[in-house]
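The values are calculated or read from the model by the stated rules, or taken from the named source; none is laboratory data. Bear in mind that the values here come from a model prediction, so they are computed numbers and not experimental data. Every residue, glycine among them, receives a Cβ derived from its backbone with ideal geometry; neighbour counts consider all protein chains shown. Accessible surface is based on the protein model in full, side chains and every heavy atom, while ligands, DNA and RNA are left aside. Shrake-Rupley method; radii C 1.70, N 1.55, O 1.52, S 1.80 Å.
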Amino acid sequence: MIRLILVDDHPVVRSGIRAMLTGQPDFQLIGEAATAEEGVELARTLAPDVVLMDLQLGPGMHGSEATRQIVALNGPRVLVLTTFDTDADIVAAIEAGATGYLLKDAPSDALHAAIRSAAAGASALAPSVASRLLGRVRTPDTTLSPRELEVLGHVATGLSNRQISKAMFLSETTVKTHLVRIYTKLGVDSRTAAVAAASKRGLIRPP
């Protein structure tokens, strides 16, 4: 029996996923959470085999950070189930230790297979996600690093270099260095152009 916890802030989505799990004799949904914080606590107390984790969960903790904390429990596997397939989201989740990454429009049989793979400790990636990761490996000279993606994500929200340095615990000089590298890799010369180019390429979510 694969014991599951579902973490998603939308009740309708949770209901839909719950329905997709119904009828699978080896699945047992033992808990649901609407926030990342609740998800981490449920994982700690219920010790599930797999946690189905959304990434965007309202104003609190991000799903990737929840993934990091759950993986640190050395038991549950985390299967990200989200609508986002940008490089920034994918890299953050994989770096946090997610075993799989699936999009919410995946058919039921793909979700079932991904859950079973995650429970067995094998990776399960949506085709578009696998393609993006493969592209990063094939073009390392033009691929933004996880830290550069994080910096650019802050730029997209309108933060200044000083604000970014405080948020990321970096010096302003280091932030500027990251921005220079980002501009070079994207072939742009301004913050606005960098955000526009990265959004168009699917590296970050559009602001």
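Details
- Test for S190: is it free of Cβ contacts under 8 Å to residues at least 12 places away in the same chain, of a type outside the set (A, V, I, L, M, F, W, C) and farther than 30 Å from G75 by Cα: yes
- Some residue of region 97-104 being more than 19 Å from I70 (Cβ to Cβ) and open to solvent by 30 Å² or more (accessible area, probe 1.4 Å): yes
- Within region 168-207, the residues that satisfy the criterion of being within 13 Å of V151 (Cβ to Cβ), of a type in the set (G, A, S) and open to solvent by less than 50 Å² (accessible area, probe 1.4 Å) are A194, A198.
- Scanning region 186-199 for residues that are assigned to a helix (DSSP H, G or I) and hydroxyl-bearing (S, T, Y) yields T192, S199.
- Unique residue being closer than 18 Å to V7 by Cα and in contact with a helix residue (DSSP H, G or I) (Cβ under 8 Å, 6 or more places away or on another chain) when the list is A93, A118, A88: A93
- Count of region 124-149 residues which are under 17 Å from the mean Cα position of the chain (by Cα) and closer than 16 Å to V180 by Cβ: 5
- Filtered residues of region 131-151 (kept if open to solvent by 40 Å² or more (accessible area, probe 1.4 Å) and free of Cβ contacts under 8 Å to residues at least 12 places away in the same chain): S131, L134, V137, R138, T139, P140
- Every residue from region 152-166 that is open to solvent by less than 50 Å² (accessible area, probe 1.4 Å) and under 21 Å from the mean Cα position of the chain (by Cα): L152, G153, H154, V155, A156, I164
- Matching option when the condition is under 13 Å from the mean Cα position of the chain (by Cα) and part of a helix (DSSP H, G or I), among I94, I115: I94
- Against the numbered list (1) closer than 25 Å to R132 by Cβ; (2) free of Cβ contacts under 8 Å to residues at least 40 places away in the same chain; (3) out of contact with any helix residue (DSSP H, G or I) (no Cβ under 6 Å at 6 or more places or on another chain), M61 comes up short only at (3).
- Among (1) more than 15 Å from L52 (Cα to Cα); (2) in contact (Cβ under 8 Å) with a residue 40 or more places away in the chain; (3) not hydroxyl-bearing (S, T, Y) - the single one I182 does not satisfy: (2)
- Within region 62-112, the set of residues being acidic (D, E) and closer than 18 Å to A34 by Cα comprises E65 only.
- Condition check for A92: modelled with pLDDT under 95, open to solvent by less than 50 Å² (accessible area, probe 1.4 Å) and either more than 30 Å from G202 (Cα to Cα) or of a type in the set (A, V, I, L, M, F, W, C) (or both): yes
- Whichever residue in region 109-123 is of a type in the set (G, A, S) and crowded, with 18+ Cβ neighbours inside 10 Å and, among such residues, is nearest to M20 (Cα to Cα): A114
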